[in-house]
Every structure is written in structure tokens, then in C-alpha cells.
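Here the structure is laid out as C-alpha cells; the discussion comes afterwards.
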Amino acid sequence: MNLLHFWILIVSLFIGQLLLLLILAWRKQQSNKREAGIERQYNALTDSFSSYMMDPTDERFLEELKLSPYRLVVLERLLNHYVSVAKAGAASPAVAYLSEEFLAQRYRKRLKRSNWAMRMNTLYFIEDFRMESLIPLLKDKLAKSSRLDQEAQQLIRTLASLNETSAIAALAKYPAAPARLYIDVFKRLDELTKLDELDAALKNESSNDTLKHAAVSYIGMAGMTLFLPRIEEELQNSEIEMRIQALKAVLHLQYMNSPSALAPFFQSQSWPERMFAAQIAGKLQLSRYKETLSELLGDPVWWVRYSSAEALTQFSEGDIVLTHLAESHPDRYARDMANQWKTSLLGSEQ
């Protein structure tokens, strides 16, 4: 290669880089111009949109929207903001109408695109706007899914938000499906549907242990005392994980019809059962178990000792009991734990 060819190559590379920079700058300028136009339209339509959401007979917003060159993007942002700030916004008939009328076809196309991020964002919008017309397409996509990846999980959540119990049936195809995903489904179902599905899960006719565990966990977290008798029945379950979930649920519900059912757990070979039993005894202030809690201060597991001491603090004379135990308990570790909580109580009172 002679010197002339070398300089031609250098100049060509320079021109190529310059052209690339010019193209990128032009694209950035166009993107900024488009975003500025969308922002202007968003601001211009905000007032008429608010009026329409309060009174759908005021069609000024619809007329202005149809004239906007960015109508779909602007409407999407307006609706997204509305459902995020308005109480029960997703249940608004106006949200349902606008999303179905203007966005449904756009989302159908997006769900078929190869861009994963675009499909995921579309699923979030469908969930937020409760777009029932897209249920068949969502079911079809989920049926074709061969693994429980992030997109399949969001498909299940979106269907649950549309009150589709098929989401639970779809999860059953995946033995490794986590309990948290079942809980997400329960959270999204309508109240009456939720009650039916929780009842079915507790009966466990499908022999899906993860589903049953999730149902018990959700009942506790949601404070659904209606199911308390069923939860207490699970305290007798032969499976340790099920008993632990039931104990957690009782702790959340903060009530027991039969406090005597707690007694066997204080002598359990499983330390989590002893720990949760101690926590329940304290939370419910079950005085009959104060002596047992004092004994558990000497438990070989730190978490059980900690929970037992914490439970004693929840009784009216807990500071006196802990002071006594800090001096007289036969177990050295129990004395240390009692002393720590006694000091903590005295510090909180100052």
C-alpha cells in the first residue's frame, strides 16, 4: 500500500465517522422533537382529559385527541398517570372505554413483535387498564409458552388482573413455580373469585402443595379471619412446611379460636415451629404460656430464645418477669437474653 492509498483510507474512515455522527445527531434531534411534541400534546390535553374522566358525556377530549398526531402515546401516558394516582382508577369505565377504543389494536400488534421489552411493557399496560378484549390473545400466548420465564409470569399476572382463574391452572403446569407467584395471582383476583379460589386451594383437590401453601400465606397476610378455622385445622397437618405456614398465618391474623392448639409446638423438634409458637403467644398475650416462654429462654437455638424474650415483653408485667429471669434462670444464655431485653425495655422508657 503506497502513501496515496493510505491517505485515501484515512479520509474515507474520517468521512464515514463524520456521516455516522451526523446521522446519530439527526436521529437524536428528531427524537427530541417528537418527545417535545408529545409533551406539548400531553399538557394541552390534560384539562379536557380530566373533565372527560369526571363526565364522559363531555366529548371535547375525544375530539381533541383525534386531532393529535401523537394520540396513542399521549393517551397511554394520560391513562397510565390516571390509574396510578386515582383510587380505583383501573376499575373506571372511562379507562376501559378509552383503552379498548384506541389502544387495543396497537397492543395486539405489539404483543406479536420480537422486541421483548416492548411486549413486557405492553403486558403492564394491559394489566393496568384491565383490557378484557385481549384475554383470548393472552391465553393463547400463555398456552404456547414452554417455560416459566419473566414474560410467562407477567402473562399470568395480567390474566389474574382480568379475573381469569385460568392463571392458576396455567401455573400448575410448572412444578417449580414459586409460591410468591401464586400469591401475586390471589392479590389480583376479584374478591368473590378470590374467596372461591382460596377455598379450592385449601381443599387441595389438585394435590398442588405450593398452591395450598401460598393460599395459607396469603390468607394470613391479607388478614382474612373468615378462613381462621381452616387455618387452625392445618396446624394438625402432617407436613411440617404446611404447619409452619399455618403458624405464620395465625401470627398475621393475631387471633386463635383454640389457643390450646399451640401447646404442642413449644416442644416441637423443629425450631421454626417453636419460634413461631413463642411469637404467637406474645402477640396474642396468651398468659397461660408465660411459664413456657420462660423455659424457652434456655432453648439451644438463638432465634427461639430471642422470640421468647420478645414475647414476654408484650405482657403487662413483662419487665418484671425479665428482670427476675435475668437473675434466676438456670441457663446462662437465657439470663443473657433476658438481660438484653430488660435493658432494651428500660432504655425505651427513658
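A few remarks follow.
- Ordered by 1.4 Å accessible area with all protein chains kept, MET120, MET54 run largest first as MET54, MET120.
- Radius, Kirkwood style, for the chain when every pair of distinct Cα atoms is counted (Å): 25.4 Å
- Each principal axis of the Cα atoms in region 1-113 has its own extent, and those three values, largest first, are 78, 31, 24 angstrom.
- Estimated vicinal HN-Hα couplings, Hz - region 269-277 in sequence order (Karplus 6.51, -1.76, 1.60; Gly, Pro = x): 6, 9, 5, x, 5, 5, 5, 5, 4
- In the context of the full set of protein chains, residues of region 73-226 present 48 Å² of accessible surface per residue (probe radius 1.4 Å, heavy atoms only).
- The chain, relative contact order [Cα under 8 Å, separation at least 6], %: 7 percent
- Measuring nothing but alpha carbons in region 282-349 and taking Rh as the Kirkwood radius, the Rg to Rh ratio lands at 0.92.
- For region 111-117, 3J(HN,Hα) computed residue by residue from phi via the Karplus equation (6.51, -1.76, 1.60; θ = phi - 60°) reads 5, 9, 6, 7, 6, 4, 4 Hz, glycine and proline entered as x.
- Calculated log₁₀ intensity ratio I(q)/I(0) where the Debye formula runs over C-alpha points of region 136-260, q = 0.11, 0.19 Å⁻¹: -0.37, -0.99
- Its Cα centre serving as origin, the chain has a Cβ charge dipole (Lys and Arg +1, Asp and Glu -1) of approximately 1760 debye.
- Highest mean packing comes first when the peptides 71-80, 230-239 are listed by Cβ atoms within 10 Å, giving 71-80, 230-239.
- Fluctuation leader among PHE227, PHE14, PHE265 - the chain, Gaussian network, Cα springs under 10 angstrom: PHE14
- For region 82-92, backbone phi angles converted through the Karplus equation (6.51, -1.76, 1.60; θ = phi - 60°) give residue-by-residue couplings of 5, 6, 7, 10, 8, 5, 6, x, 5, 8, 5 Hz, Gly and Pro being listed as x.
- Solvent-accessible area of TYR124 with every protein chain in place, 1.4 Å probe, in Å² to the nearest 10: 100 Å²
- Apportionment of accessible area to carbon and sulfur, region 212-275, percent (1.4 Å): 51 percent
- A viscosity of 1.306 mPa s and a temperature of 10 °C, combined with the Kirkwood radius over Cα pairs in Stokes-Einstein, give a translational diffusion coefficient for region 193-350 of 97 µm²/s.
- Rg and Dmax of region 95-204, both derived from C-alpha coordinates alone, stand at 13.9, 43 Å.
- Cubic angstrom per residue, convex hull over Cα atoms of region 38-77: 56 Å³
The values are calculated or read from the model by the stated rules, or taken from the named source; none is laboratory data. Here the structure is a predicted model, which means the values were calculated and not measured. Don't worry about glycine lacking a Cβ; one is built from the backbone with ideal geometry, like all the others, and counts go over all protein chains shown. Heads up: the accessible areas ignore ligands, DNA and RNA and are worked out on the full protein's heavy atoms, side chains in. Shrake-Rupley method; radii C 1.70, N 1.55, O 1.52, S 1.80 Å.
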